[in-house]
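The values are calculated or read from the model by the stated rules, or taken from the named source; none is laboratory data. These figures come from a predicted structure and were not determined experimentally. Cβ coordinates were reconstructed from backbone atoms using ideal geometry, including for glycine residues, and neighbour counts include every protein chain displayed.
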Amino acid sequence: MASASTPPAAPPSAPAGAVRDQVWIVAVVALGAALSLGAFKLVRQWDDERAELHLSLQAQAAASAVRASAETCDEVLHNLAELLGRRGDLSRAEFAEVARPLLQRHPGLRALEWVPVVAPAERARVESQARSELARPFEFTQTNAAGVLVRAADRASHWPILYVEPLAGNEAALGYDLAVGPSRAELGRARDLADLVLSRPIRLVQEPERQLGYVAVMPVYGGGGVPPAAERPARLTGFVQGVLRTGDFLRSAMRDAPPTALDLMPLDLTPGSPERVVHFLPAKASAGAPVPTEAQMRDGWHTELRMKLGERQFALLFRPAPGALAALRTAHPYGALFSGWVLTLGGALYARTMLRRKARVESEVATRTEELSKTSVRLSSEAAARRQAEREATRQLQLLRTLIDAIPDSIYIKDQTGRFLLLNAASRRVLGLAPGDDGAGRTVHDFPATKVNADAYTADDRAVLTSGQTVINREESFTLPGGGTGWFLTTKVPVRDEAGVITAIVGVSRDITARQRERQALADSEARFRVLFESSPDAVFVESSEGIVLDANPAACRLHAMTRGELLGRHVTELVPAERRAEVSNSFASLFTKVTSILESESLALDGRVVPIELAARRFEYGGKVAALIHVRDISERRRTQVALERRDRILHAVTRAAQTLLHADSWQAATPEVLAELGEATATDAVCLFANETLDGLPAFRVFSTWPPSADAAPAVPLGYDAAGCARWRELLARGETVHGRVRELPASERHIPERKGMKSLALTPIFAGDVWWGFLSLGQADEERDWFSVELEALKTAAEVFGAAIERAVAEAERERIEGRLQETQKLESLGVLAGGIAHDFNNLLTSILGNASLARLDLPPRSPVEPALEQIEQTALRAAELCKQMLAYAGKGRFVVQPLDLTRLVQDTAHLLQVSISKKAVLRFDLAAGLPPVVADASQLRQIVMNLVINASEAIGDRSGIIALHTGLVRADRHYLADTQLAHSLPEGDYVFLEVSDTGCGMTPELKARIFEPFFTTKFTGRGLGLAAVLGIVRGHRGALKVYSEPGKGTTFKLLLPMASGAAVEAPAPSPLADGWRGSGRILLAEDEETVRTVVARVLENLGFTVTVAADGREAAKLFEQEPDAFTLVVMDLTMPHLDGAEAFARMRLLRPDVRVVLMSGFSEHDATITFAGKGLAGFLQKPFELAHLRDKIRAVFEEPAK
């Protein structure tokens, strides 16, 4: 019976099985390769999209920064235009002070310029003021056809560049008239649009990097704000210009977020722009590469972002720098490709292994019994199913692994001991693993990135394993590869087995380092804002759109004298005066604009004080709502300064007018009321007074010199002593050049009664100095209010006082000049007469010498009792009287014979008393008041006796036939400059102590006209007078370097006061001459030199009678020649001082060269002092003053021969 079972199939042949196995293996490899390439392309596409997204975000951040910077520049120009519109008088220094910090904060702005609208009538004033401020030439300029700067032609309106900051490097732009410049069209559009207008691109050739730039123009309207279109041309006051450097502008805008991997090319898309490509800003990787074209920038991946500034349209074109995309790409695609290949290889090997196993099984099945055929078929089916399952598992595992590695977050699995079982690509990068290192089996203690916080990670893992609770989004720190701290946002989930036992932990960590830094930066920014907010010296408020105070800093609390709690929640209208609340309520909404609004207002403190303020407001978000950030500055001090400067300017203008008034007035006294009125009107004070210093009972005092308004009381002002009035402090401060000012109630009690009596509540006293002399002071008083006196105002008042002082000093100097000119004319007249008198006396002395000599010779030849002897004696007496007259003439000329020595003036007067007594009238009585112990005077005794005699005789003659008294008084007096100024001959004498002789009489006195002529020579009121007595006195005083003071009134008598400089040492008695024998005779040869023949003849005869041999010479040259021929033949030389050809001094010098021991006696009609002054120390043997008698000549010759030769 046949078996019911199906016989087993015959096994395939060996070659067919091998082919089939190879087909299977090839199929596995082909499938794996296809899947690997698909995964590579998918991951590469995702990687490129991520890199492009990164670059797009960089480009958007950079573009946002550029737009923000452009808006900031717009805001800067708008605010500066607003400031200039409200402050039309902004000075050059203030403009520089405002512009300089703006340029420092915005490096893209190369310069800021102020271009005012100047009418033709104002051109000269503006140019002059600019030249004064700049200290250099300045005028409005324009370029001619050759491109050369020339003076701008006159036109209906000028738009010159008046201010520029910085000035260095922009000097040539100053004064350039933009009304005819290339940008006049942009200025016109800015004026009409009332908004920012940007010029066409210009090339800044003066920059080290040749950049394109733009000129941003903002119109400025008077009073600030934007007027209606119809009013704009009329209210236009000028333009604010900002010069933008494109490259610097872009770099400064993106300095906080620079696109490190992107090249940037800004494009000007405005129609008609001459330059489309305005700049190229390369990334670091592109530095040094050629500048690309726009087409090259658009080749490949690029992004273009657009923006607008003014009316111009711009595009910011970004492209990746060379290698930037490659740098952003990761190894994920290659990892996916490599993993696919590895899995494909593993699958092929696995398939090969399974196929071989299948072959062995089929071989065993073929040898088995038929009973096992069904089992074999079943096993074959299971094997095929298992292979399919394994292949699917492998594919799923690969896909999962690829997906995990592609995720940018770190994913890891740890076992219960904390060892890593799996790390994805992101985790391996964070831990710094080398390629091929999967990190399995290690803990967080083994990696530098996690070693610092390893204990904390381990404790956290242990808590999850113990509690089984999932940790979601916990922040953990780690160490970055380059150093520094990074942050993860970590989620940890426990893994349980089929029994619910926790066997592992799956962790997912997202790198939030960048976000953490942004959050920290935001916190730091908020902290800095809070510090600035709290420490700002200006009051800062945050107010809602409804006007409610949301926040306020300490300065705001101080401004309103409230606590922060009292300020918060108040409405803005509660913080201003009641009269301004409606205005503030209506204008509050205008503060919520995108630009800063600047205006001046008033604020109300809790104590009721109204404080002037300057307010700057800007809209911003606060707590997610629109609010206004308001800066409030207390400008009380600025207002005070402004008031002070206005007062100062008014005073200085009044001072300028006053100076002109005083300069052109006939006298400063006559102009004083007008000047005081101008000062009163300029200072808006109630009273202006001019006080002059005086002396009251020997103490400093002051009196009213002039007042404004004029006092109704016409009584003369009475001096008031400083100390007696309780104003000693005033005297001390004013004498030092300081002012006295303040409220009257704050003055010391002793100083209040004077201003309070006048009803003054405040006063200011300014000293007036005429040269170095404190003349008085200027007083200003305010009666209706307690006025504050500013320092600049007081300085201006000092200037007014200086003008008064200069006028007074000029008047005093003019009076002194007139007095000096009068004295000089008088001195010149007296000196001329003195020269004439001296010359006449000199010539007369020569004649008298001849007369006396011949008379003496004739007397020698007469027999005793000759009838001719009386006649000769009469001739000699007449000649001696004539010689006395010559002496008086020489005395007047100051050339009398002076033998000076220290003398006691009192003793000299006492010794002359008897001679005086017999010389005066019998009806005149002499009275002496002579001081003992006076300092000596260096004088000639005989000359002083002549003064005493002349003055006493004149006094006696003034008394005449009436009874009278002549008083002589000696003493010591201290003479100051004022005292000396009223004396004769004292203009050059120093101040100090002088010995004086005073001769006064009770005679008829003199009129001023007569007193003015008494010292003229030959002027006399007596019929028999010669008019030489007082002239001789004046000459003697002049020769003694003294002074003479005359007091006289008709009918009251006259006083002459002689002042002589006192000397040191003790007075001496003048030695009396020793008598000489009459019969003396000499011998030897004498050389006589005399140009007057009569004198030469007489003297020669006298010398021959004395026993000498005489050789005569007619002049000095002849005498020198005779001496040169026989220098040793002459025992003595007698010669005149004044000779033709060669005078006595020159002849003497030549003789001393030939023979140093020669003895020379000098003759002259002048005094010994004047004649021998040039011979001092040269060994002159003696001096004879003409005229002389025989006895005098004989005595002098004998004295020379009896003294040893020098």
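At-a-glance table
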{"quantity": "Residue check for Thr656: part of a helix (DSSP H, G or I) and either at pLDDT 80 or above or in contact with a strand residue (DSSP E or B) (Cβ under 7 Å, 6 or more places away or on another chain) (or both)", "calculated": "yes"}
{"quantity": "The stretch 134-150, residues that are out of contact with any Lys or Arg (no Cβ under 6 Å at 6 or more places or on another chain) and surrounded by 13 or more Cβ atoms within 10 Å (Cβ to Cβ)", "calculated": "Leu134, Phe140, Thr141, Gln142, Thr143, Leu149"}
{"quantity": "One residue from Phe541, Phe533 being crowded, with 16+ Cβ neighbours inside 10 Å, assigned to a helix (DSSP H, G or I) and within 55 Å of the chain's Cα centre (by Cα)", "calculated": "Phe533"}
{"quantity": "Strands (runs of 3 or more DSSP E) (entirely within the stretch 187-271) containing at least 2 residues that are farther than 19 Å from Leu317 by Cα and not assigned by TED's automatic domain parsing to the domain that holds Ala119", "calculated": "none"}
{"quantity": "Residue match in the stretch 223-233 (condition: closer than 16 Å to Ala70 by Cβ and at pLDDT 85 or above)", "calculated": "no"}
{"quantity": "Number of the condition not met by Ala135 [criteria: (1) on the phi < 0 side of the Ramachandran plot; (2) out of contact with any Gly (no Cβ under 6 Å at 6 or more places or on another chain)]", "calculated": "(1)"}
{"quantity": "Filtered residues of the stretch 1037-1076 (kept if β-branched (Val, Ile, Thr) and either at pLDDT 85 or above or in a strand (DSSP E or B) (or both))", "calculated": "Val1046, Thr1054, Thr1055"}
{"quantity": "Residues located in the stretch 957-999, provided they are closer than 17 Å to Val918 by Cα and surrounded by fewer than 21 Cβ atoms within 10 Å (Cβ to Cβ)", "calculated": "Glu957, Gly960, Asp961, Ser963, Gly964, Ile965, Ala967"}
{"quantity": "Every pair of residues 6+ apart whose Cβ atoms lie under 7 Å, when the first sits in the stretch 117-133 and is surrounded by fewer than 12 Cβ atoms within 10 Å (Cβ to Cβ) while the second is not β-branched (Val, Ile, Thr)", "calculated": "Ala119/Ser157; Pro120/Asp154"}
{"quantity": "When residues of the stretch 234-252 are limited to those that are farther than 18 Å from Glu75 by Cβ and of a type in the set (Ser, Thr, Tyr), the one surrounded by the most Cβ atoms within 10 Å (Cβ to Cβ)", "calculated": "Thr246"}
{"quantity": "Which numbered condition Leu269 misses (of (1) among the hydrophobic types (A, V, I, L, M, F, W, C); (2) surrounded by 17 or more Cβ atoms within 10 Å (Cβ to Cβ); (3) in contact with a strand residue (DSSP E or B) (Cβ under 7 Å, 6 or more places away or on another chain); (4) under 26 Å from Leu187 (Cα atoms))", "calculated": "(2)"}
{"quantity": "Matching entry among Ser381, Ser427 (being at pLDDT 80 or above, among the hydroxyl-bearing types (Ser, Thr, Tyr), over 21 Å from Val26 (Cα atoms) and assigned to a helix (DSSP H, G or I))", "calculated": "Ser427"}
{"quantity": "Condition met for Gly482 (part of a loop (DSSP other than H, G, I, E, B), modelled with pLDDT under 80 and surrounded by fewer than 13 Cβ atoms within 10 Å (Cβ to Cβ))", "calculated": "yes"}
{"quantity": "For Arg312: the one exception among (1) free of Cβ contacts under 8 Å to residues at least 60 places away in the same chain; (2) closer than 22 Å to Asp248 by Cβ", "calculated": "(1)"}
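Yes or no, residue by residue, for (1) out of contact with any Asp or Glu (no Cβ under 6 Å at 6 or more places or on another chain); (2) among the aliphatic types (A, V, I, L, M); (3) within 19 Å of Leu337 (Cβ to Cβ); (4) crowded, with 16+ Cβ neighbours inside 10 Å:
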site	(1), (2), (3), (4)
Arg378	yes, no, no, no
Ala383	yes, yes, no, no
Arg401	yes, no, yes, yes
Asp405	yes, no, yes, yes
Thr417	yes, no, no, no
Arg428	yes, no, yes, yes
Leu433	yes, yes, no, yes
Asp446	yes, no, no, no
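For every residue, the table says whether it meets (1) within 25 Å of Ala70 (Cα to Cα); (2) touching a Ser or Thr at 6+ places or on another chain (Cβ under 7 Å); (3) not small (Gly, Ala, Ser).
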residue	(1), (2), (3)
Glu127	no, no, yes
Val150	no, yes, yes
Gly213	yes, yes, no
Pro219	yes, no, yes
Arg235	no, no, yes
